[in-house]
Every structure is written in C-alpha cells, then in structure tokens.
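Only the coordinates and a few stated rules stand behind these numbers; no lab work does. Only a predicted model underlies this, so the values are computations on that prediction, with no experimental measurement involved. Here the Cβ positions follow ideal geometry from the backbone for every residue, glycine too, while neighbour counts run over all protein chains shown.
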Amino acid sequence: MKRSTPYFLFVGVLLVLDQVSKSWVAAKIGLYDTIRVIPGFFNLTHVRNKGAIFGVFNHLRGNTVALLLTVLSIVAFVLILVYFFKTPPEQKLARFTLALVMAGALGNQIDRIFRGTVIDFLEFHFKRFYWPTFNLADSCVSIGAVLLIYIFFVRRTA
C-alpha cells in the first residue's frame with residue numbers, strides 16, 4: 001500500500017485541479033459563452049454534457065443515459081482499481097496510466113452526481129474544424145487510454 005501512496009496523491013491532485021477548473025468555469029463563464037484565449041485555435045467555452053466523453057450520448061434525453069453512465073463509470077472505476085492493485089509496483093508506467101484513468105473517471109463522476117451534468121470548457125479548433133469541447137478529466141481518461149494501448153500492444157511486442 002505504501003508504494004501506492006504517490007499514485008493516489010496524484011489522483012487527488014488531478015481531481016482537485018479538475019473540480020477547481022470546472023467550478024471556476026461555472027462561476028466565471030456563462031453557459032455557452034466563450035473566452036478566446038488563442039484566437040483561431042483555443043477557447044474556453046462553458047458547455048454542459050449529460051453524455052460521455054466528448055459529448056457522446058449527449059443528444060439522448062432522459063435519466064436512463066445518466067443512470068447508465070453512472071453505473072458504467074462506477075464499474076469501470078472498481079475494475080481499474082482492482083487492476084491497479086494487481087499491477088506489480090515495478091510497473092510504474094502502468095500504475096501511472098491507471099491513476100490517470102481513475103482520476104478522469106472520478107472527476108466526471110463527481111460532476112454527474114453533484115451537478116447532474118459534466119462541465120466541459122476546453123475548446124480547440126482550426127478554421128472550421130472544432131474538436132469536441134472537453135475538460136481535464138476527459139484529458140486524463142484519453143491520455144490514459146492511449147498509454148494503456150501503448151503498454152498492452154506496443155511495449156509488449158517490442
């Protein structure tokens with residue numbers, strides 16, 4: 001357990017950064033309002049997402065999607081936690097990656113439970129191409145997923 005402490009501190013720091021950034025956006029930027037940070041490339045745009053990462057399922061109405069996402073998120077978190085503790089302490093990249101995914105899953109789950117929706121605000125674009133608006137928790141899950149793919153498929157075969 002002692003070897004796990006730095007990873008859980010890392011999860012805690014990411015959770016705090018995620019929740020503080022979302023609270024700041026909720027307090028300072030009106031819903032659907034935009035602050036241009038780097039014109040033509042990066043904005044802070046306050047949107048609410050009832051769906052999954054990058055707005056997947058956001059168009060569906062009703063509580064079924066929210067309940068399904070809550071249950072899936074909790075199940076995924078428990079599985080990641082179990083896998084984390086089964087991962088040998090020497091596999092630091094794998095444990096770091098799992099900590100990233102845990103932080104992201106928890107960050108958005110906290111929003112779903114306490115806000116009923118997830119606050120997204122990071123908006124990158126180039127000309128008319130806009131990447132779906134996201135948040136720090138989404139970034140943690142995405143980076144963690146890419147690293148897991150690397151660990152399982154690239155690193156093992158190298």
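Overall form of the chain: prolate. Here a/c, set by the Cα gyration tensor axes a ≥ b ≥ c, is 1.5 or more, and a/b is the larger of a/b and b/c.
Net charge of the neighbourhood of ILE80, taken over other residues with C-beta under 12 Å away and scored Lys/Arg +1, Asp/Glu -1, is +2.
Structure shown: which of LYS28/LYS50; LYS22/LYS86; LYS2/LYS92; LYS50/LYS127 lie over 23 Å apart, alpha-carbon to alpha-carbon?
Details: LYS28/LYS50 21 Å; LYS22/LYS86 32 Å; LYS2/LYS92 14 Å; LYS50/LYS127 27 Å.
The pairs that break the limit, which is 23 Å between Cα atoms, are LYS22/LYS86; LYS50/LYS127.
Relative to the dominant Cα principal axis of the chain, helix 5-28 is inclined by about 0°. Ordering PHE10, ALA66, THR97 by Cα displacement along the dipole of the chain toward the positive end leaves THR97 in first place; charges were set at the Cβ atoms of Lys, Arg (+1) and Asp, Glu (-1).
Which value, in debye to the nearest 20, describes the size of the charge dipole of the chain about its Cα centre when Lys and Arg Cβ atoms bear +1, Asp and Glu Cβ atoms bear -1, and nothing else is charged? The partial results should precede the final answer.
Values: 17 positive and 7 negative charges, 44 e Å.
The dipole of the chain has a size of about 220 debye.
Within the listed set THR117, THR133, THR64, the residue fluctuating most in the Gaussian network model of the chain (springs between alpha-carbon atoms under 10 angstrom) is THR64. Taking the longest Cα principal axis of the chain as reference, the axis of helix 92-115 is set at about 40 degrees.
Compared with the dominant Cα axis of the chain, that is its longest principal axis, helix 136-149 is turned about 40°.
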